[in-house]
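Report on the following structure.
What follows draws every value from the coordinates through simple rules; no lab data is involved. From a predicted model like this one, the values you see are computed outputs, not experimental measurements. Please note: Cβ atoms are built from the backbone with ideal geometry, for glycine as well, and neighbour counts cover all protein chains shown.
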Amino acid sequence: MTMKKITIYLTALASCLSVFSCSLYEKPEAYASKEDIFASEDGLQSYVWSFYRVLPSLANIPVCESSCVDYAACRSFAAYYSEDAYTAETPTSWSWSALRNINYFLDGLQSEVCTVDAEKKKHFEGVARWFRAYFYYDKLTNYGAVPWYAHCLDNLDFDEMYKDRDSRDVIIGHTIDDLNFAWENITTVSSEGNSLVSKYAALALKSRACLFEASYRKYHGESGTQFTVKKLYEECIDACNKLMSSNVFSLNTTTVSDAYMNANSIGPYRSLFYSREILTNEVILGRVASKAENVRGEANWRYNSGSYGNSYCLSRAFVFTYLKTDGTPFTDQADYSTVSFKNEFNNRDARLRQTVKGPNYAMSGGSAFDKVADIVNNVAPTGYHPIKFVEDATSKNNKADNENSYPIIRYAEVLLNYAEARAEIGALTAADWTKTVGALRTRAGISASSAAVTQLPATVDPYLKAMFYPKVTNAWIMEIRRERAIELVYEGFRVNDLKRWAEGKRFETVPWTGIHIPNLDTPVDVNGDGVNDYYFTTKDLSEMTPANKLIYVQIFPDGSQEQGLRADANPAGGYDLRYELALKRKWYDDGRQYLNPIPAQIVRDYAARGYSIQQNPGW
């Protein structure tokens, strides 16, 4: 069964198998008998489908980080990133229903009722343990230490039910054990669209979890008794090595030929997110779309609507980080800050024009606003309008009609995990660099003979240090962070990356800058096609001519409390746009936002039973 069929199947499954509370403290109810579930391979397989509910969907993959990041502006952001708007009373993701579902299954596998062949039983146990590791990885990134539960709880076992949090060592240790078991016992190596968890997905997830925990401990000054920082980096490297040496996956180097394809904005990189079929040469785990089975996404609706979406668009501060095709930083040139939108895509990393609308972009059936960023309607106010996940057709807008499939885990991440872990322990070699960061850059059109591809970096980029990573002094680490942000942009990694690197202040300080414009109160043709795209002005709409009303963009004076665009005078001439919100971003100096609070209601529940649970710092 493929993932698109699983999506349909889950609805029926939920009503016949089981429902679980979001709390650890309520007894699970199973509507199917244990014999129905555990006495046959079909029963086990049917139950396992329920685990896939927790994976990102076609609807939320493209916007999984749009509530707030440093490198992209948005119209509104989560209260978590504002001052005094988020407390321990705010509802959070402290839900345990997925774990109860998994542990009920794992317990059942070991019961007398389960008579399935031992090897097949191990396969299903491996899949379940993969999902348990996935569950606890999410809890680790959000809360740090949490209670570890390997089995379903008896609803009268209060000492276990209300136990305090286990250490981070305990959580990452069990996560590694689960993923090692999954790697050794899952028999799935491939599936249609790689939509099923495979043994290779176990290695990929292990590399992700170990890299997170190693770097979190390193940059937050934490240590463990069982797992040192170096040991965790080595566990990450080991998982990556196993996956890389399997020779099953490689970077995609082909361009798809799907409907509506725009030759100016497609390539091997964007093909991974544009293709209707999962590109299984690189994608280790994917979500498959199917119009025939009504399994579709809504990226076009999200990114091309001023009301349904969140106006999520890259900042120019981040666009500056894309290298030139000769491998040198764009910011090395003296006039980089005044390069026009029309010219700043020239001779640049190809991922830039495959991530946002470039000067030659066009949508099938599109109007003027479908060729350039829709600043006029506040859809992409910085001028860097995302296209990474969308289909190039206006017929797909304003509805859930995307037919393109999406990766959940892909090989590129594994290469980056390997490079970072090797660099962090001082073991990175030129050969490592070429087959990881170098390979990704070569795919992006950066010269294969350039130092950026073939040599370990020797100097720290001053722009990256000043704008994004002020604490980094190692050139290897700096360039890997550049590469990771560009390659994985919009894919949901940025929040955890900034948190594990202890760079949370970037959520507050990186400016949401926009395109450079020559002047105000004059029509602007940004893409050079002879059609005026915008009229930036501080004047009121009523003062505009009929033609300029159609392309009117209001600029608010600096210091204004209004939400919208500002125009900062560039010392070298012209203006730089900047998007400002009425509500200001805030990262507390005490670092409380690195971990979510344990919900206050949970703390009260513990106390009411005579138990206590430790709250995270600052909450």
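Summary of values
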{"quantity": "Placed amide H near residue 348: partners under 5 Å, 5+ positions off or other chain", "calculated": "325"}
{"quantity": "Hz values of 3J(HN,Hα) by residue in the stretch 430-437 - Karplus curve (6.51, -1.76, 1.60), Gly and Pro given as x", "calculated": "4, 5, 4, 4, 5, 8, 10, 4"}
{"quantity": "Neighbourhood charge, 9 Å Cβ-Cβ cut-off, centred on residue 508 and excluding it, Lys, Arg +1 and Asp, Glu -1", "calculated": "+4"}
{"quantity": "Lys pairs, the stretch 354-509 - Cα-Cα below 18 angstrom, 8 or more residues apart or on other chains", "calculated": "11"}
{"quantity": "Residue 552 long-range amide H proximity, modeled H, under 5 Å", "calculated": "535"}
{"quantity": "Lys pairs under 26 Å by Cα in the stretch 148-251, provided they are eight or more residues apart or on distinct chains", "calculated": "12"}
{"quantity": "Whether the stretch 79-208 is rounded, prolate or oblate, judged on the alpha carbon gyration tensor where a/c under 1.5 counts as rounded", "calculated": "oblate"}
{"quantity": "The stretch 306-322 - phi-based ³J(HN,Hα) in whole Hz, Karplus 6.51/-1.76/1.60, Gly and Pro as x", "calculated": "x, 10, 7, x, 10, 6, 6, 8, 4, 8, 5, 4, 7, 4, 4, 7, 5"}
{"quantity": "In sequence order, calculated HN-Hα J values of the stretch 51-59 (Karplus, 6.51, -1.76, 1.60; Hz; x Gly/Pro)", "calculated": "5, 5, 4, 7, 6, x, 9, 4, 6"}
{"quantity": "Under 12 Å, Cβ to Cβ, from residue 251 - net charge with Lys/Arg +1 and Asp/Glu -1", "calculated": "+1"}
{"quantity": "Qualifying aspartates and glutamates (Cα of each under 20 Å from Cα of residue 539; at least 8 residues distant if same chain)", "calculated": "374, 521, 525, 558, 562, 568, 576, 580"}
{"quantity": "Protection proxy ranking of 84-96, 479-491, 568-580 - average other beta-carbon atoms within 10 Å, highest first", "calculated": "479-491, 568-580, 84-96"}
{"quantity": "Mean ellipticity per residue at 222 nm, deg cm²/dmol - from DSSP H runs of n ≥ 4 across the chain, formula -39500 (n - 2.57)", "calculated": "-10500 deg cm²/dmol"}
{"quantity": "Charge sum, other residues only, whose C-beta stays under 11 Å from residue 73's C-beta, Lys/Arg counted +1 and Asp/Glu -1", "calculated": "+2"}
{"quantity": "Gyration tensor (alpha-carbon) shape descriptor, the stretch 196-343, a/c threshold 1.5", "calculated": "oblate"}
{"quantity": "Protection-proxy order for peptides 605-614, 40-49, 274-283, 464-473, each taking the mean of Cβ atoms within 10 Å per residue, highest first", "calculated": "274-283, 40-49, 464-473, 605-614"}
{"quantity": "Cα shape, the chain, gyration tensor, a/c 1.5 rule", "calculated": "prolate"}
{"quantity": "Angle in degrees between helix 168-185 and the longest Cα principal axis of the chain, rounded to the nearest 10", "calculated": "80 degrees"}
{"quantity": "Long-range HN-HN contacts of residue 287 with modeled amide H, under 5 Å", "calculated": "406, 408"}
